[in-house]
Every structure is written in structure tokens, then in C-alpha cells.
Ligand SMILES: NC(=O)c1ccc[n+]([C@@H]2O[C@H](COP(=O)([O-])OP(=O)(O)OC[C@H]3O[C@@H](n4cnc5c(N)ncnc54)[C@H](OP(=O)(O)O)[C@@H]3O)[C@@H](O)[C@H]2O)c1
């Protein structure tokens, strides 16, 4: 699955690449992709191979020692981000790839404080940087913390107003990040909009997953009011209800309904289609 030719074995140098969020949805395939290409990788998080906690500054120095490049997933709370970037450059980091999100410029700024701080900090860092702004991930559908359990129970209910999303596969994000972390300098200093190849409505996505999983799963279109009620009755705190509400308001606005071209620009190929994702995830037992 990995396109090794896009991961440079030279480019930066042979220093370690620090992958923050190395146990997460994008970090896991990124660590794997870089290691398959023979790169030296430090997979970091609170429970990772390398212990790194945004809110335990004593963990930053050991994680950064000898690192030449960083994959940066910011915490929601932006407060430590600028200090981390400054410490990283002081420790010898010469390149950052930041995971941000599409809609960051259009949606309410309160939603994306950490990612906004990370974009700003690397632009001001004086070293090389790339910013990835992906659409919603395919893998949200098989993440226990997001929609997997609802799909397994046979019903996903959301307030989308039928607006599609060109969902992106985390493998594509990982391959783009790997190429930018290791490749030549001429692709640095740019923002990449990463999406799948075509807009997909949630209704179509659910029908595709149901077909591939061989079980009935229904998509229910909710009004925003009804959605908030469902979140509250599922026990979500009011702050989280407000955030989900704004995220779907953003989706309904259509700001990121059209595909981006970042995967094609960096990897020179089409992104993974939603149908391919659904087939692979169903075969791996995601919704069994
Ligand atoms: N899901 C989407 O559709 C989507 C779309 C666009 C952008 N994004 C952005 O993607 C980011 C999440 O990336 P992801 O999906 O790859 O990760 P993820 O699956 O949400 O996992 C979070 C990662 O961060 C680590 N982590 C959590 N708290 C930490 C802390 N205090 N210090 C250090 N590490 C910590 C976790 O590991 P430990 O628990 O071991 O610490 C884990 O590796 C968010 O900024 C989100 O806004 C997501």
C-alpha cells in the first residue's frame, strides 16, 4: 500500500524524525511508512514508545534530542505550542509538518485554537515548514471514539443537510507527511489541502459501509436541534455539544465540500477512494 518512492532516503539528513501523536490515526501509518523507507523515527505520545506530553514540559527535551524534523499535532489548548516550537528549533529541528484542518480559515476560530497556534508558530519559526489541511478522515468511521459504535449498532444520525465531504484516508495523509518530512526543500513553505478524490455524502458513505460489512446500517438526517438533544442525552458535556454543533455547521456551509489537490501535488497520484477504504475496513472487521 505504501508508495515508498515518495519517501526520500536522503533529503533532510539522517537525524531522527519525531512523530507527535505517533499512536493516533495519522501518526500510526506515518511511523510505519517512514520505517518501511528505512528512516529513523521516534513515535511519541503520552503512552508512546517515546514519552511526550504537551503538558509535562520535562518530556520535551528527551523527545527532541537529536531530532531533525517534527510531525506536529497540536493539543486543543494552544498554550504550550509556541514554546514547544521554539524549544524544538533550539534543539536542532530544521523542518516541521503540521497537521491542521480544512475550514480553519472559515469556521469559528474557537474550534481550532491549537491548530491555529501551530500554523502560526511554524510560520514564524525561521525553519522549513509545511501545513496539511485535511478534510474529515475516512477512519472516523472505524474509530471507537467517533462513529464506529453507532455504525455497529446500525444507526448513524447527523445534521449534514445532505452536504458532502470528500473524506480523506489517513494513509494518504501519512504518505504526504512522510514525503514532506523527508523530501527536497522546494515543496516547503506551503499549505496543502488534502482530501479524497470526490465528494461523498454521509448517506452514501453509510450505504457503502453497510454493503461492504454485509449488514443493515441506516443513516438518519437530523436537524441541528435534534442533534444537540441526542448528544446531550448521550451524556456529552455542553462544551462538547457546542463544538460538534459548530463542526457540522461548518460542514453544512459547504466550505470544504470540494476536493483539494494536495495528495496529487505531493504524491503524483489520485487519493484513495471512499469505496476502497470501506472495503478494506470491513474486511478487517471494523463493523462486524
Ligand atoms: N478526525 C478528523 O476527521 C480530522 C480532520 C482534520 C483535522 N484533524 C485533526 O487531527 C488531530 C488529531 O490527529 P489524529 O487523528 O492523528 O490523532 P488521534 O487519533 O486523535 O490521536 C491523538 C494522538 O495524540 C496523542 N495525545 C493526546 N493527548 C496528548 C498529550 N497531552 N500530549 C501528547 N500527546 C497526546 C495520543 O496518544 P496518547 O493518548 O498516547 O498521548 C494520540 O497519539 C486533531 O488536531 C484534529 O483536529 C482531524
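Coordinate-derived values only; no laboratory data. As the structure is a prediction and not an experimental result, all values here were calculated from the model. Reconstructed Cβ throughout: ideal geometry from the backbone, glycine too, with neighbour counts over all protein chains shown.
Summary table below
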quantity	calculated
Cα-based equivalent ellipsoid, segment 1-129: semi-axes from gyration tensor eigenvalues, Å	22, 17, 15
Rg to Rh quotient for segment 166-277, alpha carbon positions, Kirkwood Rh	1.06
Bridge type composition, the chain - antiparallel percent by DSSP, nearest 5	5 percent
Global geometry of the chain, whether rounded, prolate or oblate, following the gyration tensor of its Cα atoms and the 1.5 cut on a/c	prolate
Alpha-carbon Rg with Dmax, taken over segment 77-172, Å	16.7, 51
Separation of alpha-carbon centers, segment 126-193 and segment 76-111, rounded to whole Å	17 Å
Per-residue Cβ neighbour rank within 10 angstrom, fewest leading, 147, 287	147, 287
Shape call, segment 94-139: gyration tensor on alpha carbons, a/c limit 1.5	oblate
Average Cα contact separation per residue, segment 1-138, under 8 Å, 6 or more apart, as relative contact order %	21 percent
For segment 71-229, share of DSSP beta bridges that run antiparallel, in % to the nearest 5	5 percent
Anisotropy class of segment 223-288 from Cα gyration tensor, a/c 1.5 cut	oblate
Relative contact order, percent, the chain [alpha-carbon distance under 8 Å, six or more residues apart]	20 percent
Pairwise label distance in nanometres, residue 155 with residue 143, each label 7 Å out on the Cα-Cβ vector	2.4 nm
Where labels lie 7 Å past Cα in the beta-carbon direction, separation of residue 229 and residue 253 in nm	2.7 nm
Label-point separation in nm, residue 110 to residue 49, each point 7 Å along Cα→Cβ	4.1 nm
